[in-house]
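For reference, the structure discussed in these notes is given below.
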Amino acid sequence: MTDHWSLITESPQEECGIIGIFAPDEDVARMAFFGLFALQHRGQEAAGIAVSDGNAMSMYKNVGLVAQVFKPETLTGLQGHYAIGHTRYSTTGSSLIRNAQPFMIETMNGPLALAHNGNLVNSLQLRDELLRQGVGFSSTSDSEVMTMMLARDAGATWEERIKDAMGNWVGAYSLTLLTRDCVYAVRDPWGFRPLCVGLLPGGGYAVASESGALRTLGCEAIRDVKPGEIVALSSNALTVTQAVPPVSPSARCVFEHIYFARPDQTWDGVNVHAVRQKLGEELAREMEIAADVVIPIPDSSIPAAIGFARVSGIAYNDGFVKNRYVGRTFIEPTDSLRKRGVGMKFNVINENVLGKRVIMIDDSIVRGNTTGPLIKLLKNAGASEVHVAITCPPIVHPCFMGVDMGTYDDLIAHKRSVNEIRQMVQADSLVYLSLAGMMRAVGRSDGYCQACFTGTYPVPVDVSSAKTGFERGKK
C-alpha cells in the first residue's frame with residue numbers, strides 16, 4: 001500500500017495466497033481465478049496465473065486485485081491441464097510489477113513457474129551466492145531466488161531438485177510449482193504457513209493456502225500438506241514425499257488464527273472461527289470491567305466479540321460499519337479526504353453507542369495508527385467510555401517469516417508499557433490477552449510461532465533486515 005493509506009492499514013498485513021490445480025479437460029485458468037478470488041484477503045497488490053498443457057507454459061500477471069488483473073479474454077488465452085496462481089502482498093521486495101508472481105523461466109529441464117507464500121531469512125546470502133555464479137535477477141524477491149536455485153540444480157527429477165533446494169532454504173515457504181506436466185505443493189519443515197490439498201469432484205486435485213478456497217472449487221477429502229512434504233499433482237495421481245524431516249515442535253504462525261485466515265479455514269484440524277470465539281472468551285475471563293456493550297472492529301474481531309459477550313454477559317452489538325474497498329484502490333484521495341483517515345473506512349452506528357460504556361474488541365495493535373482515531377470516532381458518536389480489549393499479547397518484535405509488521409521502531413509496544421499505550425490512544429482502559437490465554441484458545445501449548453510476542457524466533461534471524469533488504473543493498 002502507498003503511504004497515504006497508513007492510517008487505515010494498522011493490522012499486520014497479509015502475506016500471500018497461492019493455489020495449484022491439476023484438472024484434465026477443465027478450464028484450469030478459470031478455476032485458478034476463482035480460487036485466487038477466495039484468497040483475495042491474503043494479498044491485494046498483484047495477482048498472476050501460469051498454466052501448462054503438458055507441452056507449453058503460459059502466464060499472465062499484473063498489479064491490482066484479482067478481478068482487476070484478469071478479464072475473460074485474459075483467461076481464455078491461458079489453456080492447459082495444470083495451473084498455479086498467486087495473489088500478493090509484498091514481504092520481501094516492494095510492491096512492483098517485477099515482484100509479481102508466479103515467476104516463470106525456461107530451464108535446461110523445461111519450463112518452471114513458482115508461487116510462494118512466506119519469507120526466507122537467508123535469502124540475501126543465497127542471492128549473493130547465485131550472483132557470484134553469474135545468475136542474473138529481474139526482481140528483488142526471495143521467491144525469484146528460490147526459482148533460480150531450482151533451475152540450476154543438477155538433480156535428475158524435479159522432486160530431487162526441490163528436495164535439494166529445501167535443504168538450503170531457511171524460513172517460511174509454502175509453494176506451488178508448475179512444470180510442463182505436474183503441479184507440486186511444497187511446505188517448509190517448520191510449517192509456518194498453511195497449505196492444504198483436496199480432491200476435485202470431476203477428477204484431479206487442487207492445493208491452496210486455505211481450505212475455503214478449495215471448498216469454493218468443490219474439493220473433498222481436504223488435508224494439510226504436512227511440514228517438509230512435497231505433494232505432486234499429476235496424471236500419475238497424487239504422490240506424497242517427505243522431502244525433509246519436519247521440525248519438532250512445529251512453528252505455525254499463530255496470526256493465521258488471530259487475523260489472517262478466513263473464518264471458514266480449518267488448519268491443523270482447528271477451525272479459525274472457533275479459535276477466535278475462544279480468544280474473546282479468554283479475554284472476558286481476564287478482563288474485569290463494567291460496560292454496557294461489546295463491539296468488534298470488523299471483520300476478524302467479530303467472532304471474538306461474540307465470545308467475549310457470551311462469557312461476560314455484556315450485550316454484543318455492531319458499532320462500526322466498514323467500507324471494505326477503501327485502501328484497495330489505486331486512486332489517491334484528496335488532501336481533505338486523506339485527513340479523514342479511518343473515517344473513510346469506518347462509520348459509527350451512533351444509536352448503538354450513544355451514552356454507553358463500550359468495550360471495543362480488536363485483533364491487535366501494531367503501529368498504533370488506527371486505535372486512537374477509532375476511539376475518537378466512538379466518543380464523538382456519544383460513547384461515555386471506551387475500553388479496548390485486544391485478542392493477543394502486545395506485539396513487541398517484528399516478523400521475519402512473511403508478515404509485514406514493520407521494524408522495531410514501527411511497533412508501538414516495543415518500548416512502551418500498556419499504560420503508556422493506553423494514554424497514547426486515549427482509551428479509558430486497555431487490556432491485552434495473555435500469551436497463556438491466547439494458546440488456550442488455540443488449544444495448543446506449543447507448535448506455534450510466537451516470536452512477535454516473545455522475541456524467541458524458531459530460526460536464527462538478522463534483526464537488521466527488512467522486507468526491502470535486497471533493494472537497500474543495491475547501489
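The values are calculated or read from the model by the stated rules, or taken from the named source; none is laboratory data. Just so it is clear, the structure is predicted and the values come from calculations on it, not from any experiment. Glycine gets a Cβ as well: all are built from the backbone with ideal geometry, and neighbour counts include every protein chain shown.
Scanning segment 315-331 finds no residues that are of a type in the set (A, V, I, L, M), more than 30 Å from residue 165 (Cβ to Cβ), at pLDDT 95 or above and surrounded by 15 or more Cβ atoms within 10 Å (Cβ to Cβ).
Against the conditions (1) of a type outside the set (Ser, Thr, Tyr); (2) at positive phi; (3) in a helix (DSSP H, G or I), where does residue 134 fall short? Just the number, please. Of everything listed in (1) of a type outside the set (Ser, Thr, Tyr); (2) at positive phi; (3) in a helix (DSSP H, G or I), residue 134 misses just condition (3).
Please tell me if residue 361 is assigned to a strand (DSSP E or B) and either surrounded by fewer than 22 Cβ atoms within 10 Å (Cβ to Cβ) or not small (Gly, Ala, Ser) (or both).
Yes; evaluated as a whole, the condition is true for this residue.
With respect to residue 293, is the statement that it is closer than 30 Å to residue 23 by Cα, modelled with pLDDT of 95 or more and touching a Gly at 6+ places or on another chain (Cβ under 8 Å) true? So residue 293 does not fit the description; no. Tallying residues that are touching a Leu at 6+ places or on another chain (Cβ under 9 Å) and either of a type in the set (A, V, I, L, M) or at positive phi (or both) within segment 15-42 yields 9. One residue stands out in segment 408-438 among those that are free of Cβ contacts under 8 Å to residues at least 24 places away in the same chain and surrounded by 15 or more Cβ atoms within 10 Å (Cβ to Cβ): the one that is farthest from residue 250 (Cα to Cα), namely 416. Taking segment 267-298 as the search range and keeping residues that are among the acidic types (Asp, Glu) and closer than 21 Å to residue 432 by Cβ, which one is surrounded by the fewest Cβ atoms within 10 Å (Cβ to Cβ)? Among residues in segment 267-298 that are among the acidic types (Asp, Glu) and closer than 21 Å to residue 432 by Cβ, the one surrounded by the fewest Cβ atoms within 10 Å (Cβ to Cβ) is 288.
Sub-7 Å Cβ pairs linking a first residue in segment 125-141 that is farther than 20 Å from residue 89 by Cα to a second residue that is among the polar types (S, T, N, Q), at least 6 apart or interchain, are 126/168, ordered by first then second residue. Against the list (1) buried (at least 24 other Cβ atoms within 10 Å of the Cβ); (2) touching a helix residue (DSSP H, G or I) at 6+ places or on another chain (Cβ under 6 Å), the condition residue 161 fails is (1). Restricting 402, 355, 368, 406 to those that are under 22 Å from residue 317 (Cβ atoms) and either over 24 Å from the mean Cα position of the chain (by Cα) or in a loop (DSSP other than H, G, I, E, B) (or both) reduces the list to 355.
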